[in-house]
Every structure is written in structure tokens, then in C-alpha cells.
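Okay, so here's the structure we're looking at.
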Amino acid sequence: MKQIDLAGQVAVVTGGAQGIGLAVAQALTAAGAKTALWDMDGPLASKAAGELQAEAAGFTVDVTDEAAIAASLSATESTLGPISILVNSAGIAGPNEPVANYDSAVWRQVIDINLNGTFYVNKAVVSGMIERGYGRICNIASIAGKEGNPNASAYSASKAAVIALTKSLGKELAGHDIAVNCVTPAAAKTRIFDQMKQEHIDYMLSKIPRNRFLQVDEAANMIAWIVSPQNSFTTGAVFDLSGGRATY
């Protein structure tokens, strides 16, 4: 079996300064890719990029701002080269509240970052992939997008929509050598836990048959294959990372 080889490729990882995004960036650079870390926390992204011991760069990017995405896309390609890999990891959890109490402004914020941001970044990068005849995209959704988590309506809805967006775009681009897939992780212990109540964290753990949280390296290993040339046939698919919670 071939080892994953991403030499000569340029990857963008949104939310790449920490958590699953950073683990993915580490896996991609280890496989030979030049990697751009796009994150709201630009200084942290630059610091993380400097520690990758590979050709990498950090950029301050608000994924809800299409002008900022366009500027970062141009800067990334000027610095590293044409983008052939995209991993969308930027996202927020939002508060744990029932729908009856959920703040409408916060609902819009969660949808804007998790769903609209994923759409804007996909839209910006896809044109170049089509022109060059190659690309690999992995959008990070969530098990919540498959099953819905109580008291997390905005997050669950946004991630369900990311799954549907992935399926739609995958079918649009199926005639090209461009694969668009997503993963649906169970919870991993990252800073996103800081946005959650302890009872919600306990609920998520109770639903995982493996009886532990996902490790970020486990997610990165799967995603690195999904965005590699070896994934030459599957597109519009949902890869499960839920530790047995969802078997579909």
C-alpha cells in the first residue's frame, strides 16, 4: 500500500491554528504538502505555521467575510502556489440552550461561521481547482449534523447543512478529478469544549460506544487520506468518526 504523498501540493486548512485543524495541518505537511493555516487568530496561526517545520504560512481570515477570503486566497497562492487541497475546520459550538431560549443573533452567528463560511471558502477555491483539473476538499461536519444534539440546535442544523452542501458540490464536480467529501466527528477535547456546559459534554460522551472522545490525530489521519490522490473515486460522501455512535 502506498504511503500518502502530497509533495508538490498546496493545502488550505481553515481553523488551522488549533484543535483538529492544526492536527490536520501537521498531517498534511508531514506528507509533503505546503500548508496555509487560515484562522481568525492570525498571530496564533502564524506561530503554528512556524512550528510545522515545513513550508507553511499563517493568515488572519474571517470565513464569514468573502473579501477577506479572496485576499487570503491570493496571498496564499502568491506565497505557496495554486491550492489543490482544502480542509474546512473553522467553526464554533454556540451556547447550550433549548430552542425556546436560543438567542436569534447567536443562531445567525453559528450558521454564518459554520455553514456560510464553509460555503464561501468552497466557492472561492473551487474555481481554480476546476481550471487546473484537480482538487480535494474535506468539509468537517459533526455527528450532531447526522443525529442532532439536544440544546445545540444551531450547531446541529449548521453541520447537517454542511453535509448537504458537500453532497451537492460533490455531485456538481463529479465529472472532474475533484473529490468533495466530509467527515462527521464525535466530540474531541479541543478549545471548543470551552463553549459547552459540562452536562452537554457528559451527554456527548455517554453516546459514544467506544466510551472516550475522539483524538485529533485520529481525525487528521482519516482526513489526510480523504484529501490525497489515493482517494480517486469517492466524492459527495460522509465519513463517520463517531466511535460507533452512528453506523450509517
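The values are calculated or read from the model by the stated rules, or taken from the named source; none is laboratory data. None of the values given here were measured: they were computed from a predicted structure. Don't worry about glycine lacking a Cβ; one is built from the backbone with ideal geometry, like all the others, and counts go over all protein chains shown.
Here are the numbers for this structure:
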item: Test for residue 65: is it out of contact with any strand residue (DSSP E or B) (no Cβ under 8 Å at 6 or more places or on another chain), at pLDDT 95 or above and farther than 30 Å from residue 109 by Cβ; result: no
item: Long-range neighbours under 8 Å by Cβ, at least six apart or interchain, first residue more than 20 Å from residue 187 (Cα to Cα) within the range 82-99, second assigned to a loop (DSSP other than H, G, I, E, B) and modelled with pLDDT of 95 or more; result: 84/9; 84/134; 85/6; 85/9; 85/33; 85/227; 86/227
item: Residues of the range 202-233 satisfying the condition of being assigned to a helix (DSSP H, G or I) and over 21 Å from the mean Cα position of the chain (by Cα); result: 202, 203, 205, 206
item: Checking residue 169 against (1) part of a helix (DSSP H, G or I); (2) aliphatic (A, V, I, L, M); (3) under 17 Å from residue 15 (Cβ atoms); (4) touching a residue at least 60 places away in the same chain (Cβ under 8 Å), the condition it does not meet; result: (3)
item: Any hit, the range 175-195, residues being in a loop (DSSP other than H, G, I, E, B), modelled with pLDDT under 95 and not aliphatic (A, V, I, L, M); result: yes
item: Residue satisfying all of: in the range 238-248; farther than 30 Å from residue 10 by Cα and touching a residue at least 12 places away in the same chain (Cβ under 8 Å); surrounded by the fewest Cβ atoms within 10 Å (Cβ to Cβ) among these; result: 248
item: The range 191-237, residues that are out of contact with any Gly (no Cβ under 8 Å at 6 or more places or on another chain), surrounded by fewer than 19 Cβ atoms within 10 Å (Cβ to Cβ) and among the β-branched types (Val, Ile, Thr); result: 201, 234
item: Count of the range 114-123 residues which are surrounded by fewer than 24 Cβ atoms within 10 Å (Cβ to Cβ) and in contact (Cβ under 8 Å) with a residue 60 or more places away in the chain; result: 0
item: Residue 44 vs. criteria in a helix (DSSP H, G or I), of a type outside the set (Ser, Thr, Tyr) and surrounded by 17 or more Cβ atoms within 10 Å (Cβ to Cβ); result: yes
item: Pairs with Cβ under 8 Å, 6+ apart, first in the range 132-151 and among the polar types (S, T, N, Q), second in a strand (DSSP E or B) and surrounded by fewer than 21 Cβ atoms within 10 Å (Cβ to Cβ); result: 151/97
item: When residues of the range 87-119 are limited to those that are in a loop (DSSP other than H, G, I, E, B) and of a type in the set (A, V, I, L, M), the one farthest from residue 145 (Cα to Cα); result: 90
item: Test: residue in the range 148-158 that is small (Gly, Ala, Ser), closer than 29 Å to residue 96 by Cα and not in a helix (DSSP H, G or I); result: yes
item: Any hit, the range 196-208, residues being closer than 14 Å to residue 141 by Cβ and either in contact with a strand residue (DSSP E or B) (Cβ under 8 Å, 6 or more places away or on another chain) or at pLDDT 90 or above (or both); result: no
item: Selection status of residue 126, touching an Asp or Glu at 6+ places or on another chain (Cβ under 9 Å), among the hydrophobic types (A, V, I, L, M, F, W, C), over 19 Å from residue 242 (Cα atoms) and surrounded by fewer than 18 Cβ atoms within 10 Å (Cβ to Cβ); result: no
